[in-house]
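Here it is, the structure in full.
The values are calculated or read from the model by the stated rules, or taken from the named source; none is laboratory data. Values in this document were obtained by computation on a predicted structure and should not be read as measured data. Glycine also receives a Cβ, built like all others from the backbone with ideal geometry; neighbour counts cover every protein chain displayed. Each accessible area value is taken on the protein alone, full model and side chains, heavy atoms only, with ligands, DNA and RNA left out. Shrake-Rupley method; radii C 1.70, N 1.55, O 1.52, S 1.80 Å.
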Amino acid sequence: MTILHESEVEEVKHPGRFMRWLANEDSLQANNLSVCVIRVMPGEAVRPAHSHPKSEELIYIITGSGKVMIENEVGDVRAGSAILFEQGKVHMLKNTGDVEMKVICFFAPATSIDNYKMFEEIDFPE
(Lines give C-alpha, C1' and ligand atoms only; values in the text may rest on other atoms or scores of the structure.)
Protein backbone atom coordinates (compact mmCIF):
# COMPACT_ATOMS: atom_id res chain seq x y z
CA MET A 1 0.00 0.00 0.00
CA THR A 2 1.33 3.41 -0.94
CA ILE A 3 0.11 6.40 1.03
CA LEU A 4 1.40 9.93 0.62
CA HIS A 5 0.32 13.08 2.42
CA GLU A 6 0.55 16.29 0.40
CA SER A 7 2.73 17.90 3.11
CA GLU A 8 5.42 15.33 2.23
CA VAL A 9 5.74 16.72 -1.31
CA GLU A 10 7.71 19.86 -2.11
CA GLU A 11 5.51 22.80 -3.05
CA VAL A 12 6.71 24.67 -6.15
CA LYS A 13 5.70 28.23 -7.02
CA HIS A 14 4.51 28.79 -10.59
CA PRO A 15 2.87 31.96 -11.95
CA GLY A 16 -0.43 32.38 -10.14
CA ARG A 17 -0.26 29.20 -8.08
CA PHE A 18 1.62 26.92 -5.72
CA MET A 19 1.78 23.31 -6.92
CA ARG A 20 2.48 19.90 -5.35
CA TRP A 21 2.65 16.81 -7.58
CA LEU A 22 1.08 13.91 -5.67
CA ALA A 23 1.30 11.35 -8.47
CA ASN A 24 4.07 11.73 -11.04
CA GLU A 25 7.47 10.21 -11.78
CA ASP A 26 8.82 11.47 -8.43
CA SER A 27 6.01 10.68 -6.01
CA LEU A 28 3.33 7.97 -6.15
CA GLN A 29 4.50 6.83 -9.59
CA ALA A 30 1.09 6.01 -11.08
CA ASN A 31 1.37 4.58 -14.59
CA ASN A 32 -1.70 6.05 -16.31
CA LEU A 33 -2.46 9.36 -14.62
CA SER A 34 -0.85 12.21 -12.76
CA VAL A 35 -2.30 14.33 -9.96
CA CYS A 36 -1.35 17.65 -8.42
CA VAL A 37 -2.81 19.97 -5.82
CA ILE A 38 -2.66 23.71 -6.43
CA ARG A 39 -3.32 26.72 -4.25
CA VAL A 40 -4.40 29.98 -5.89
CA MET A 41 -4.42 33.14 -3.78
CA PRO A 42 -7.28 35.69 -3.96
CA GLY A 43 -7.07 37.81 -7.12
CA GLU A 44 -4.53 35.51 -8.79
CA ALA A 45 -4.95 33.62 -12.06
CA VAL A 46 -3.09 30.48 -13.09
CA ARG A 47 -0.79 31.81 -15.80
CA PRO A 48 -0.13 31.64 -18.60
CA ALA A 49 -3.15 30.29 -20.42
CA HIS A 50 -2.23 26.76 -21.46
CA SER A 51 -3.39 23.46 -22.91
CA HIS A 52 -2.39 19.84 -22.57
CA PRO A 53 -1.77 18.49 -26.09
CA LYS A 54 -1.31 14.89 -24.93
CA SER A 55 -3.79 14.56 -22.07
CA GLU A 56 -7.05 15.79 -20.62
CA GLU A 57 -7.37 17.41 -17.22
CA LEU A 58 -10.16 17.27 -14.69
CA ILE A 59 -10.01 19.72 -11.81
CA TYR A 60 -12.06 19.64 -8.61
CA ILE A 61 -12.38 22.78 -6.49
CA ILE A 62 -11.83 21.84 -2.84
CA THR A 63 -12.07 25.35 -1.35
CA GLY A 64 -12.67 28.84 -2.67
CA SER A 65 -14.43 30.27 -5.69
CA GLY A 66 -13.58 31.90 -8.96
CA LYS A 67 -13.87 31.73 -12.70
CA VAL A 68 -12.61 29.35 -15.34
CA MET A 69 -11.91 30.16 -18.97
CA ILE A 70 -11.97 27.44 -21.63
CA GLU A 71 -11.39 28.53 -25.22
CA ASN A 72 -12.47 32.13 -24.31
CA GLU A 73 -15.72 30.96 -22.66
CA VAL A 74 -15.92 31.95 -18.97
CA GLY A 75 -17.88 30.24 -16.20
CA ASP A 76 -18.20 30.50 -12.42
CA VAL A 77 -16.74 27.79 -10.17
CA ARG A 78 -16.85 27.16 -6.43
CA ALA A 79 -16.01 24.48 -3.89
CA GLY A 80 -17.51 21.24 -5.16
CA SER A 81 -17.23 22.15 -8.86
CA ALA A 82 -15.61 19.66 -11.27
CA ILE A 83 -14.34 21.03 -14.57
CA LEU A 84 -13.06 19.07 -17.56
CA PHE A 85 -10.37 20.62 -19.74
CA GLU A 86 -10.52 18.54 -22.88
CA GLN A 87 -7.27 17.56 -24.56
CA GLY A 88 -5.80 20.54 -26.42
CA LYS A 89 -8.33 23.14 -25.14
CA VAL A 90 -6.77 26.42 -23.93
CA HIS A 91 -7.77 27.22 -20.35
CA MET A 92 -7.12 29.35 -17.26
CA LEU A 93 -8.39 29.45 -13.68
CA LYS A 94 -8.80 32.61 -11.58
CA ASN A 95 -9.55 33.06 -7.88
CA THR A 96 -12.14 35.87 -7.65
CA GLY A 97 -12.99 35.16 -4.02
CA ASP A 98 -11.44 36.46 -0.81
CA VAL A 99 -9.97 33.16 0.43
CA GLU A 100 -7.36 30.78 -0.93
CA MET A 101 -8.63 28.46 -3.66
CA LYS A 102 -7.43 24.87 -3.35
CA VAL A 103 -7.80 22.59 -6.35
CA ILE A 104 -6.90 19.00 -7.16
CA CYS A 105 -5.95 18.37 -10.79
CA PHE A 106 -6.12 14.94 -12.44
CA PHE A 107 -4.41 14.25 -15.78
CA ALA A 108 -4.85 11.20 -18.01
CA PRO A 109 -2.65 9.98 -19.46
CA ALA A 110 0.03 11.21 -17.09
CA THR A 111 1.68 14.55 -17.79
CA SER A 112 4.06 17.05 -16.21
CA ILE A 113 4.50 20.81 -16.39
CA ASP A 114 7.03 20.17 -19.18
CA ASN A 115 4.18 18.91 -21.39
CA TYR A 116 2.02 22.04 -21.04
CA LYS A 117 1.62 24.18 -24.18
CA MET A 118 1.75 27.84 -23.09
CA PHE A 119 -0.14 30.79 -24.59
CA GLU A 120 1.55 33.87 -23.08
CA GLU A 121 -0.46 36.27 -25.28
CA ILE A 122 -3.85 35.22 -23.83
CA ASP A 123 -5.12 37.06 -20.74
CA PHE A 124 -8.05 36.11 -18.56
CA PRO A 125 -11.14 37.88 -19.99
CA GLU A 126 -12.47 40.58 -17.66
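Quick check: the distance between the Cα centres of region 3-29 and region 59-126, to the nearest angstrom?
So the two Cα centres are separated by 17 Å.
Oh, and also: Please state the equivalent ellipsoid semi-axes for region 1-102: what are the square roots of 5 times the Cα gyration tensor eigenvalues, largest first, in whole Å?
They are 22, 17, 12 Å, listed largest first.
Between beta-carbons, use under 12 Å as the cut-off and find the net charge around I59, counting Lys and Arg +1, Asp and Glu -1.
0
Another question about this same structure. Run the simple label-point estimate for E100 and V12 please: 7 Å along Cα→C-beta, distance reported in nm.
Reported label-point gap for E100 and V12 is 1.9 nm.
I've got another one for you. Please give the per residue accessible area of the chain, computed with a probe of 1.4 Å over protein heavy atoms only, in Å².
Working: 7120 Å² over 126 residues.
Accessible area per residue: 56 Å².
Carbon and sulfur atoms: what percent of the 1.4 Å accessible area of region 1-109 do they account for?
50
Could you list, bin by bin from short to long, the percent of Cα-Cα pairs of region 67-114 in 10 Å steps?
20, 55, 24, 1
So for each of 29-38, 3-12 I average, over its residues, the number of other beta carbons within 10 Å; can you give me the resulting order with the highest mean first?
Highest to lowest by the protection proxy: 29-38, 3-12.
Express in nm, to one decimal, how much length is gained between S112 and V74 on full extension, taking 0.36 nm for each residue of separation and deducting their alpha carbon distance.
Length gained, S112 through V74: 11.2 nm.
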